[in-house]
């Protein structure tokens, strides 16, 4: 029955904006190439269906045009298929096709999908159906060997305990000799320790240790930052070593910070989830995509994480300004904002909802309160209401329009082009700004003008 | 927040400071404060630092707000329609240098469409969406030709932004008064403010002030300039004098006549040039007498012929009237002087001098001793300077005349300038005739003079000529300049006429290999661009 409901509700009333389409691009080159294909010229036989499929033939350099089809109805982000050889995902043809469609051009009329597009859509629908049946209650998840799983978990816990103990020793040695010596020791020592933590199967500790290595070269004030991070690492070690004595919520937070996988088994929460922001960060191994959602009815903020190998965009893509009627389930841990996307009841559709906002003082207090549940937290998502960006020497502040109080921008946010979009949007007048508020300052991600107007992405 | 990475301006929490010092030096050298019994010193230090770190973070409070900037002034213009705003974002996303160059394929060159998008948006008086201003300013920063339209569209908020970001300082320079407000005429203290700004302002502010007043009240600007003229520096006098070009009229003559005796040669030359553009001026009359003495009709030959006797010297009075005595290298000085005399002579004097003939008849007369190109070139310059369409028409001749396409008496650059004195429709007709007779290879410069979108006969002539060029079998990139112009200037309603050209034609034997495919691609791009322009215009409600 679920399947039929899904089909009925995928009717797409409103097309996406060009910005929302371009947000799907895996990199700048693709954005550029896609924009060029977003005009009727190279396309033929393009069309879209009420079920959320968009298709078209794009003339390439060869004699045979590429067959491009996109399924925009999937709430986990659009799915693409193109007969071109590109390894970019989505490829420029898929982006160009969606731009054409977004342009409300007559070039993409509503109609019946050609066979090649219909076959692919049919295959997707069938697989989704199978997955749904497979995931239904009654079918057993897990490997069916609970005793073996328990033994494996115990062995891993022992390794982590050994790793945490070793790390405690190293931290104590560091503090005995003094942080000043760490400046000379350089990066190599920390890389080696991080490798030991990887061996101990604790990716959380490994990542934090690697961070330590970069602090001595991070500019003025580094001893304070290094001491803070060492102390929090020590706190995490101690949390792990004494996890039996911790309350359940905090123990779960420690396990997640250490890097043990959790399952999003919180109770599903259905809401109209507004996509507030989507941005990627990349290190040498992995691209991490963060998507912030705001529940219009529950007034809650939730985080979706998605990963991609280097050079490939993570699969989940939810353009800012869309809202989805869906369930999310929280991962374990006190104050945990990370969720997994559960069942979706309708495809994403543009929405004009804005999150409820607060003052800068309330935002700072919100961060402080969140530290109680998770002392390792760098920032919390907040929406500031009626704030004005103000230049402050080399930096910028977001100041309350009605009070003499301001949050400084985080150092990384000062160099981004989004800062100037925010300043331009404000023009010295109050705006609503969603972002991350923490000990480094405020990082603006999305803003809304005082009057009517769409969300403006700043990241 | 209350804590910044540099502890200088924060009330130091002494416990934390001591922990940092102990950590920096090492617990072997410095015993940390407190310390729990039974814990090793470094571990106790880490315990205390963890508590303190979380405590400090949890205690963060907002800082005092810095000085608030004056808000940007209201932009009263209506907001862009949503579809047009999306289009603008797409055009601005297509920045040069962000993708591979090479063959252009069938996709339109979006950045090239930005100028006309801006013109259409400005014509309709829409306000720029504020969040697009950074990208607009960045685009205008890279392309000076975009600046006037981009800044007009960007409006007051762009100037406000430019004061905050040094990358966009050009926006302040381009705004009259460098962003400082000029006295408004309705201001009761305008006279006093104007005088003060004129006497005490920076050079750029004074130029801006003078230009603004000149545009409104030409005489007032001249009088203002006269109050300080004798005390200005030579470079400044030149710039100020140049601003009188706007609204030039007979009442400026006494002032300009006096400037002919200026100490600076450049100032004298500019004054003479301005006076010669006033056909009723005494200088123009003096030049007419001099020039007329050099040119006559000889009736003793088989047909009436113009004879030229160039001046033998450049006397002091000629020099005072702006004649430059020293000829450039490679030119005879007598012909150099002669050209300057004819150029500054009112064209109206020639009919009387040459037997009551019309300009067309005069231009048709043969000229003795190879003086024709010198004489006609000087008349061309005079026709452009005096904006005389009748003479321009006579000098242009019929577009289909054989010499129009080749190196005739009048060069292409001069023709382009002459076209500028004619009305838009006449210009388009002339260029259409030229292309029909001579093809596209010489047409680029002339096409650049025509109003956009091209009038229908002109558009048809260009498309026909492109079609002929394709059938001749050459590659389309020999015509890439004209093709690019056509993408930007052809009337979008012509798109349907191009449908027959989109297919790849059968290759004739003598054609360049693959040319047909490249032509089809070029025409596809042309059609796509035209459709895009039609969509752009529709989104802006300009149809």
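Could you run the Debye sum over the Cα atoms of region A:360-457, one equal point scatterer each and no solvent, and tell me log10 of I(q)/I(0) at q = 0.15, 0.16, 0.19, 0.25 Å⁻¹, two decimals? Calculated log10 I(q)/I(0) at the listed q: -0.54, -0.61, -0.85, -1.38.
Given in Å, the Rg to one decimal and the Dmax to the nearest whole number for the Cα atoms of region A:202-264 are 13.4, 41. Once you reduce region B:406-464 and region A:59-82 to the center of their Cα atoms, the two points are 45 Å from each other. Each 5 Å bin from zero holds the following percent of Cα-Cα pairs in region A:269-350: 3, 16, 25, 25, 16, 10, 4, 1.
Shape analysis of region A:2-130 based on the Cα gyration tensor places the equivalent ellipsoid semi-axes at 22, 16, 15 Å, largest first. Our summary of shape: the Cα atoms of region A:54-110 have principal axis extents of 32, 27, 14 Å, ordered from largest down, in whole angstrom.
Residue by residue along A:230-236, Cβ atoms of other protein chains within 10 Å of the local Cβ number 6 on average. Here A:118, A:436 are placed in order of increasing Cβ neighbour count within 10 Å, fewest first, which gives A:118, A:436.
Each pair of Cα atoms in chain B enters the Kirkwood radius, and Stokes-Einstein at 20 °C and 1.002 mPa s then converts it into a translational diffusion coefficient of 72 µm²/s. Relative to its residue count, region B:190-278 spans a Cα convex hull of 83 Å³ per residue. Per residue, the convex hull spanned by the Cα atoms of region A:317-417 measures out at 145 cubic angstrom. List the relative contact order of region A:150-258 as a percent without decimals, with contacts defined as Cα pairs under 8 Å and 6+ residues apart. This gives 28 percent for region A:150-258.
In percent, rounded to a whole number, the relative contact order of region B:190-278 is 24, using alpha-carbon pairs under 8 Å and six or more apart. Size of the protein assembly as shown: Rg and Dmax of its alpha carbons, in Å, are 37.5, 130. Global dimensions of chain A from alpha-carbon coordinates: Rg and Dmax equal 24.4, 74 Å. Exposure proxy shown here: for B:303, A:48, A:214, A:86, the number of other Cβ atoms within 10 Å sets the order, fewest to most, as B:303, A:214, A:86, A:48.
Ranked for footprinting exposure by Cβ neighbours inside 10 Å, fewest first, B:290, A:440 give A:440, B:290.
Read the figures in this text as sums done on the coordinates, not as results from a lab. Keep in mind the model is a prediction, meaning the values are calculated, not measured. Backbone-built Cβ (ideal geometry, glycine too); neighbour counts: all protein chains shown.
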